[in-house]
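Data block below; observations after.
The values are calculated or read from the model by the stated rules, or taken from the named source; none is laboratory data. Because the structure is predicted, anything quoted here is derived from the model rather than measured. Every residue, glycine as well, gets a Cβ built from its backbone with ideal geometry; the counts of neighbours run over all protein chains shown.
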Amino acid sequence: MSTILLEARGLTMRFGGVTALDALNLAVHKDEVLGLIGPNGSGKTTFFNVVTGLYAASAGSVDFEGREITRRAAQEIYRAGITRTFQRSRLCLPLTVFDNIAIGNYQHLQHGLLFNLFRRQALKRQYQENLEEACRLLATFNDKLVDRLFDPVSALTMIDRRRVEICRALISRPRLLLLDEPSAGMTHDETHELMSDILQVRQRLREAGNSVTIVIIEHEMNVIDRVTDRCVVLNYGEKIAEGTYAQIAADAEVQRAYLGSD
Amino acid sequence: MSMQNSNSSAAPSWPLLTGVSVVGVYAHFLLHAESQIAVLGLAVGAILLLIAFSRFGWTARVATSAATYPKLLGAGAVAAVVLVAAVSYEMHFALLMLTTVLLYSTVCLGLNIQFGYSGVVNFAGAAFFGIGSYTAAVLASHSPLPHLLIVALAGLVAALLGSLLILPVLRTRGHYAALITIAFGILFKTFLEVNDALGGPQGLKIPGMEILGWKFNDNIAIGDHELSFYLNYLVLSLALCAVTFVLVRRLERSWMGLSMDVVRLDETAAATFGVDIARWKITAFTLGNGLAGMAGAIYGMMTGFVAPNNFTFGDSLILVSIVILGGIGNPWGILPAAAIVLILPEKLQFIQEYRFLLYALLVILILLFRPDGLLPRKIRNYFPGDAGR
Ligand SMILES: Nc1ncnc2c1ncn2[C@@H]1O[C@H](COP(=O)(O)OP(=O)(O)OP(=O)(O)O)[C@@H](O)[C@H]1O
Ligand SMILES: [Mg+2]
């Protein structure tokens, strides 16, 4: 039995009359890639938003590494070791690729006024460490991206922006990474490439002793089939199935949920 | 500096030096122009010159050169101010204006931290400037404290009074935060008008500055020549402005600048990556108001008196329009913008009455056609001239 990294119990999120998460029980096992699937509006993104502290759960609890993190501030949850990407990319477009990645390492950057204004040599060392790490991460995705480190993100293509977003989420060495439809808006080939990259980065981090567990929301079923160890299917905020991709694909209720909503 | 030599071979330094000289000479003529025709001619000339400069790609060359030799640019700017001031050594009015430009620039550098970096709007800049003047008036008249300490305390008082606004500014966003700062500015002025202890509408007298027995309000006699006492204030203001400039630059090129930028651009993303949003807004707000207070103290001591009418909402708008005109987020834009906004109306009497109308028009035109300002902000380069690029 593998250890449980994150566990939601009875997690409920209501928006006025809409119940986006309905007493959801969901466990993420350490070192797995968990697929989170379900029709549009089934509460997948809401789950991420509640876990990362953007929304305060209406009821229920979330534990991470055995500590309760329900209704904690987003900042605290980040420091606990959970990072994410967004369904609609949320990069700071006028800032450079480096800036966007570096902010992901906020907890390891020194923020004191005196340090930043007067200890420029020490700042420079920290800057160079982060620069190297950003380059390393980018290079796993695409060598060409390293040359664009000081371009504003607004100059990048969608797929490159996704990569940058994933690098931002990885630079702080999180234990849990939440990916919200990383392939949204990409062609088939681009999706394939991105997924290989993600798996490769994960492998590299694991070899360096920083293994990261991943929860991925995806609509592309062949992606889910390829990258996940296990899947959870949501419908109307409830878990309707759980298991390997083969198991859930054969599940009658899952098929009904997808057919019913289409 | 050794790092700089590696990639500077391509960009020569003369375009930078030429650019600084042209601006310096221009400022000199503008300050000395007497007739309305001459001033108007200079204004039109500047526009034509700018167009010609861009047409032949000279602006770009100056910019590249400036980016390659940041320290030379700084030294050049200081030297230009000193030279322009030295040539006008006995002209009170020209020196008063130049010093005002430097002090307003200092305030705008603070505003730039506030809304250029952190996105905290502040339409009460003049009020914080005024708080500095009043603090100087009270402390310099009623306490034996050394005057430089009073300048620092004026900054502290402005920052502290500013913290009254922090809670509402943090809780509300965008337009509402703007309204709150406007309301604060108006309240501040009304409070002073009815408060007799602070002189009511007539305001207060402020003693001239004195540092280690050196009286700033006495003209300086050198042989047969008598130098304007404004030179004292000019040197002090230049020092304050230059130090502020260097620190603002460093702030931008550090994790602080990065954090503030992210807070301004996307609070949700900021929170998701641990950025303490309140901390950076408070830091920016406090630093900016403190700078306004210090500049206000020096200005008050220079002009010798302070009254509520000097710190209207209109004056706050002037400060904001300087930042917008110069290029939000770019400290280098502030100096020329302050010079344009402050000196031109002073020189062109016929636009004096309409100055607020013209500022409004200027801001609208800039926002419509050149939203990044005269000198748009560049992307962050933490250690310019380094191998990182
Ligand atoms: N901030 C909000 N305010 C009100 N309702 C919301 C909010 N966020 C989500 N919802 C509602 O909650 C439900 C679940 O939305 P959610 O975004 O989690 O779905 P999803 O599974 O991510 O869908 P998709 O596949 O389209 O991204 C929807 O009915 C949505 O309208
Ligand atoms: Mg979603």
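Overview of results
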| quantity | calculated |
| --- | --- |
| Search result, residues across the stretch A:166-206 that are within 14 Å of chain B (Cβ to nearest Cβ) and more than 16 Å from ligand 1 (Cβ to nearest atom) | A:166, A:167, A:168, A:169, A:170, A:171, A:172, A:173, A:174, A:176, A:177 |
| Filter pass, residue A:9 being more than 14 Å from ligand 1 (Cβ to nearest atom) and outside any loop (DSSP other than H, G, I, E, B) | yes |
| Residue within the stretch A:143-164 that is farther than 27 Å from residue B:380 by Cβ and either within 16 Å of ligand 2 (Cβ to nearest atom) or β-branched (Val, Ile, Thr) (or both) present | no |
| Neighbours by Cβ (under 7 Å, 6+ apart or cross-chain): first from the stretch A:39-53, near ligand 2 (Cβ under 8 Å from one of its atoms); second in a helix (DSSP H, G or I) | A:40/A:261 |
| Hey, residue A:105 within 9 Å of chain B (Cβ to nearest Cβ), closer than 12 Å to residue B:255 by Cα, in a helix (DSSP H, G or I) and more than 17 Å from the chain's Cα centre (by Cα) or not | no |
| Filter result for residue A:88 (more than 7 Å from every other protein chain (Cβ to nearest Cβ), of a type outside the set (Ser, Thr, Tyr) and in a loop (DSSP other than H, G, I, E, B)) | yes |
| Test for residue A:27: is it more than 16 Å from ligand 2 (Cβ to nearest atom) and surrounded by fewer than 16 Cβ atoms within 10 Å (Cβ to Cβ) | no |
| Output for the stretch A:113-153, where each listed residue is more than 24 Å from residue A:196 (Cβ to Cβ) and exposed (fewer than 12 other Cβ atoms within 10 Å of the Cβ) | A:114, A:121, A:125 |
| Matching entry among B:137, B:126 (being within 21 Å of the chain's Cα centre (by Cα) and either at pLDDT 80 or above or hydrophobic (A, V, I, L, M, F, W, C) (or both)) | B:126 |
| Unique residue being within 14 Å of another protein chain (Cβ to nearest Cβ) and free of Cβ contacts under 8 Å to residues at least 24 places away in the same chain when the list is B:279, B:249, B:253, B:264 | B:279 |
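Residue-by-condition table, conditions (1) among the aromatic types (Phe, Trp, Tyr); (2) surrounded by fewer than 24 Cβ atoms within 10 Å (Cβ to Cβ); (3) in contact with a Phe, Trp or Tyr (Cβ under 6 Å, 6 or more places away or on another chain):
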residue: B:87; (1), (2), (3): no, yes, no
residue: B:93; (1), (2), (3): yes, yes, no
residue: B:97; (1), (2), (3): no, yes, no
residue: B:104; (1), (2), (3): yes, no, no
residue: B:115; (1), (2), (3): yes, yes, no
residue: B:119; (1), (2), (3): no, yes, no
residue: B:123; (1), (2), (3): yes, yes, no
residue: B:137; (1), (2), (3): no, no, no
